[in-house]
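The structure appears right after this line, and notes come after that.
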Amino acid sequence: MNWMNKCEGGMGQYKICQYDIKEVQKTLLMILIELDRICRKYSIKYSLEGGTLLGAIKYKGFVPWDDDIDIIMERKEYEKFLKICQTELSKEFFLQNYRTVRHFPLNYSKIHMRRTLYVQESTEHLRIHQGLFIDIFPVDHIYRPILRLQVALIGGLTSARCVRLNRIYQKKEVLTRNIMKLLIYHILALFPLWWINFSIDLSCKMFNCFPSKYYYEVCNPNRKFKPLHRKIYQDLIEVEFMGLHFLASKHYRRFLRSRFGDISKLPPIEERQPSHKIIRCKL
């Protein structure tokens, strides 16, 4: 059965600005195909992640209301990919992270498609390319007893970067009501943006030079997600997605349970919505 026929809801149920969400998904697929081409050419391991992996397993394509693609790589694979993209990435696309874009606000990377517009409300004020993208998350070795301290450090530095960017753009945004935390953020925000970004990256990579059984998305921490055994990220298989085949964790059931719980059940209807608040879009 075709994945579109398996999806709940008919055509036009989900929209991004003036577009049916399936038009957005088809364009996102083009970016994923380019990433897969590079990874296969240079033997770089990656896995579909999050809602993208869930869609591959349940629908052999996108979750009907999903408006993005998530990819995950071990840190060493991620760094290799970033380096190769400097020369290998097709001119239709470009790599965006804090190393390539000065005011980029995140600790992971995106591949953007040129000549598209996909403006999120949360970042519309930033002087960065606002095009259609897929997310690429590195996973790092962690030392479980001090993971919370590591995440707190990264959280503080990330908030300091927000303060710094808010100053640059003269934007008023309340990060927290905690006076002590605000004081720390403002003190850290006195440092240059490059130093804050470098410190975040260093904090993420802190334990990668030591062997570890457990990996975690330190670059994008979530209290609901627990560290997972390294084999979850290292043992890969091919899965069908939109009629093509991409790499995914061999242990996808365990991975998806850690993210979504019981995937046999649909989420409440109010949660079946695109995850990004897009205010302007052009494909």
Tell me the Kirkwood radius of the chain: reciprocal of the mean inverse pair distance over distinct alpha-carbon atoms, in Å. 19.9
Any idea what angle helix 179-188 forms with the longest principal axis of the chain, computed on alpha-carbon atoms, 0 to 90 degrees, nearest 10? 90
Between GLN18 and ILE33, what is the label-point separation in nm under the 7 Å Cα-to-beta-carbon projection? 2.5
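Segment 102-207: Rg/Rh from Cα coordinates, Kirkwood Rh?
On the way: Rg = 15.0 Å, Rh = 15.2 Å.
Using Cα coordinates only, the ratio equals 0.99.
Please quote Rg/Rh for segment 61-124 to two decimal places, taking the Kirkwood radius as Rh and restricting both calculations to Cα atoms.
Taking Rh as the inverse mean 1/r over Cα pairs, Rg/Rh reads 0.97.
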When the Cα atoms of segment 65-164 are enclosed in a convex hull and the volume is divided per residue, what value in Å³ results? 129
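Note the full-extension length gain between SER264 and ASN166 as 0.36 nm times their separation in residues minus their Cα-Cα distance, in nm to one decimal.
Values: separation 98, 0.36 × 98 = 35.28 nm, distance 4.22 nm.
Separation in residues times 0.36 nm, less the Cα-Cα distance, equals 31.1 nm.
So if R0 is 35 Å, what FRET efficiency would MET180 and SER212 give, r being the distance between their Cβ atoms, rounded to the nearest 0.05? Write down the numbers at each step before the final one.
Working: r = 32 Å, r/R0 = 0.92.
FRET efficiency, MET180 to SER212: 0.65.
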So how long is each side of segment 145-206 along the principal axes, counting just the alpha-carbon atoms, biggest first, in Å? 37, 26, 14
Angle check, please: helix 147-168 long axis (alpha carbons) against the longest principal axis of the chain (alpha carbons), in degrees 0 to 90, nearest 10. 80
THR87 versus LEU202: modelled label distance in nm, points set 7 Å from Cα along the beta carbon direction: 3.0
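Multiply the residue separation of GLN273 and SER122 by 0.36 nm, subtract the distance between their alpha-carbon atoms, and state the gained length in nm to one decimal.
Working: separation 151, 0.36 × 151 = 54.36 nm, distance 1.72 nm.
Extending this stretch completely gives an extra 52.6 nm.
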Given the options PHE104, ILE184, PRO138, identify the residue whose Cα lies farthest towards the positive end of the charge dipole of the chain (+1 on Cβ of Lys, Arg; -1 on Cβ of Asp, Glu). ILE184
Between TRP194 and LYS76, how many nm apart are label points set 7 Å from Cα along the C-beta direction? 3.0
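Bear in mind that the values in this text are calculations on the coordinates, not laboratory data. Just so you know, these numbers come straight off a predicted model, no measurement behind them. No Cβ is skipped: glycine too gets one built from the backbone with ideal geometry, and neighbour counts run over all protein chains shown.
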